[in-house]
Amino acid sequence: MRKRKKPEYTPSQLAHRGILVRTIILMGLFGVAIFVPVAIKLFQVQITNHELYQEKAVQQQTSDTILAPARGTIYDRNMKTLAVSASVNTVSVNPRNVDAEDMEFISESLAEILELDAEDVAEKIKKNKEANRAYVAIKQKIERDEAEKVRVFIDENNLKSTVYLDPDTKRYYPYGNFASNTIGFISTDGIGLEGLELQYNEKLTGTPGRIVSTRESGGKTLPQPFERYIDATSGLNMVLTLDEIIQHFLEKHLATAVIENQVSKRAFGIVMDVKTGGILAIATSPSYDLNNRTVITDPAVQAQLAGLEGEELDKLRSEALLAQYRNKALSDTYEPGSTFKIITAAIALEEKVVSMNDRFSCGGSIRVAGWDKPIHCHKRIGHGGQSFLEGIQNSCNPVFISVGLRIGRQKFWDYAHAFGFYEKTGVDIPGESNSVIHSWEQYNYSDLTLATYSFGQTLNLTPMQLITATSAVMNGGKLMKPHILSAFTDPSGMIVEEYSPTVVRQVVSEETSALVREALEGVVSVGTGKNAQVKGYRISGKTGTSQKTYLSEDERLGKYVVSFVGFAPADDPQIALLVALDEPGGPLLLRSGGNMGAPLAGRIMADILPYIGVKPQYSADDLAGRELQTPTFKGLSLDDAIDAAKNEGLKYRTEGEGDTVIDQLPIAGVIIPATAEIVLYTDSDKPETMVTIPNVIGKSPEQANKLITDAGLYLRVSGATGVYSSTIVAAVQDPPAGTDVNLGWVVNIEFRDTSIND
């Protein structure tokens, strides 16, 4: 083979060849330099961060809408709706699809429909567009009318890919301020913030659903998108032991008492099933509207905030709202005063250190070792000689101090634990506080603590602790765990979880329970609780007037918590009632449990007992003063009307010479005393005469009766009417004096024994 001749290059060619080689090498190096970062980035995208970028791609190509679940409904024990979630909508915008020329039109249109500020709407859209976000909520939880206007706006302007109506739910409270401090409320995101809404948030909430659909890269939904729908699961419904009617009675009378007695630190009350511990009603007054929870309802607080501004207003308003949400019946403690004597009496009788017939002497005060001042009775001149039973009825401090010292520190401390005063009750409502009570080391220091505890001072309990413990005394000795939950049901109404009453422990015997029940009935019939009397019903209970001993002597002057703990029917209690007024005003001598707490309890009992089916049982004295609803006589023949009146035991007189009753006085359906005289008109309608109601406040029953009847009106009495005393006077009248009413109107007068100061 012939060898190929090696080509020869000129110097110029060699120079060009060198340049070409260097260029190729440099281009290769440059290419490698460019490719390596790209390769690294591709590796990161496709390998290292694959899931991240895949998720971003899915987000760009799909629309994922969360469907809020329907929150469970809250019912009372009769299945009346107390809290319910309804379907509403949230208006949202996709900022990516809002062009500059459409920004003003969309912002102004939505602002007009939704009653918002157009500049705020535009700013919200611009801010999220700059952040390249595909969703911004414009207004949440709008009602049906607004939603329909937005829907029309979307359709008319072909904005289905830009403006959205997302399904949502909103919480409604049909009764507004009903049990507001107990039910609580939720946030705008549907999370329980207060009360039962907080306590059972997880069960009430349910599970959100989703709508996942495909869309273009610009964010517009495709004409025929893929769509996956995942149903939201509704939360469980909650059935309470609360009774809407009983709750209404409690709230109504508490609100009235706050106004009548000029209460400065609110009032509270609890109604409990004595035998099961079920809470039938619980209230703090003034309360607030659950549908407008940021509105302060207490006029006194409103007045304090008036004129403030800036940071000071914001701070005080925030504090006022937190105080408004506070459930005083559960979260606050107070010195129970003489209502605690129920516990002292039960311990002493159970331990047999005293009998009902044991004799004591009260000179108005008593001295205790370790204290250089006498401890006074509420009756400064003393009760003189009396039995233990009379000491209970008179609420005598020296008697209870003597009995407390007989019990001894160790036994008293043991029973304080047994009655649950050293622990929370465990009631299923959030915010429960615990007592402020001496430990054994503090308690064993001297007899002084035992003496003051025996009549309910210097220890602080929650209202829930006290009503739970006193109910145990009355129900045969069983301490029940208080509860408000009855059951959980699924959306179809099937029970999935049910509460059973829980006995914590047996504290005292049936025998002791019966003795205390009988003694407390005497407190209402002849003792300090006589202002709680309700005609035809046997009520037992105990008054309480407690000083705030934690304050200095000057600070505590005139500042009391007046209260009453009552039970009915007295021989076999079904309900327990605790009511209290924190720092009432008015005349100092009337600031007592007997003068303020007992009448309040009587009014509430008078409403509750007939409602729960307890029939009145009238004594001979009661029958003379019983009440009835006037029958319908109008349209009857005179003979039939007279027979009907006689059957009811009513006195009557006729006006006219006719044979048929044309009109009657009073009108049918009003409550009048059975001793009242009705008038039957047979020739013409009753005269439309207007009369002015006289002022009977401070008058004796006899004086009040004469003034009312002389004015041509009917008198209906309540309160301390079963006891005759010169100190019993008219305390409340409705309608008030000076009101012009028709002839024959019924005037309600509440009488009180003003001599009671405990």
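So the values come out like this:
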{"item": "Qualifying residue in the range 287-296 (condition: of a type in the set (F, W, Y), closer than 27 Å to I74 by Cβ and open to solvent by 20 Å² or more (accessible area, probe 1.4 Å))", "result": "no"}
{"item": "Residue check for S331: among the hydroxyl-bearing types (S, T, Y) and surrounded by 15 or more Cβ atoms within 10 Å (Cβ to Cβ)", "result": "yes"}
{"item": "Some residue of the range 391-409 being touching a strand residue (DSSP E or B) at 6+ places or on another chain (Cβ under 9 Å), open to solvent by 20 Å² or more (accessible area, probe 1.4 Å) and without any contact (Cβ under 8 Å) to a residue 60 or more places away in the chain", "result": "yes"}
{"item": "Flag for E441 being modelled with pLDDT under 95 and surrounded by fewer than 21 Cβ atoms within 10 Å (Cβ to Cβ)", "result": "yes"}
{"item": "Leading residue by the ranking (modelled with the lowest pLDDT) among those in the range 78-117 that are of a type in the set (G, A, S) and over 30 Å from Y173 (Cβ atoms)", "result": "A100"}
{"item": "Hits in the range 483-500 (condition: in contact with a strand residue (DSSP E or B) (Cβ under 6 Å, 6 or more places away or on another chain) and either of a type in the set (F, W, Y) or not in a strand (DSSP E or B) (or both))", "result": "I484, F488, D490, Y499"}
{"item": "T452 vs. criteria among the polar types (S, T, N, Q) and either within 15 Å of E351 (Cβ to Cβ) or part of a loop (DSSP other than H, G, I, E, B) (or both)", "result": "no"}
{"item": "Failed condition for L743, given (1) surrounded by fewer than 17 Cβ atoms within 10 Å (Cβ to Cβ); (2) within 23 Å of K530 (Cβ to Cβ); (3) in contact (Cβ under 8 Å) with a residue 60 or more places away in the chain", "result": "(2)"}
{"item": "Residue within the range 654-664 that is open to solvent by less than 40 Å² (accessible area, probe 1.4 Å) and touching a helix residue (DSSP H, G or I) at 6+ places or on another chain (Cβ under 6 Å) present", "result": "yes"}
{"item": "Selected residue (criterion: modelled with the lowest pLDDT) from residues of the range 319-368 that are outside any helix (DSSP H, G or I) and on the phi > 0 side of the Ramachandran plot", "result": "G364"}
{"item": "Residues located in the range 491-526, provided they are at pLDDT below 95 and closer than 28 Å to L600 by Cβ", "result": "S525, V526"}
{"item": "First in the range 152-166 and at negative phi and open to solvent by less than 20 Å² (accessible area, probe 1.4 Å), second anywhere and among the acidic types (D, E) and not in a strand (DSSP E or B), Cβ under 8 Å, 6 or more apart", "result": "T162/D102"}
{"item": "Answer residue from the range 580-595, given it is open to solvent by 10 Å² or more (accessible area, probe 1.4 Å) and assigned to a helix (DSSP H, G or I) and is farthest from G536 (Cα to Cα) among those", "result": "L588"}
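The values are calculated or read from the model by the stated rules, or taken from the named source; none is laboratory data. All values derive from a computational prediction rather than experimental measurement. Quick reminder, even Gly has a Cβ in these numbers, built from the backbone with ideal geometry, and neighbours come from all protein chains shown. Surface accessibility is based on the protein's heavy atoms, side chains included, excluding ligands, DNA and RNA. Shrake-Rupley method; radii C 1.70, N 1.55, O 1.52, S 1.80 Å.
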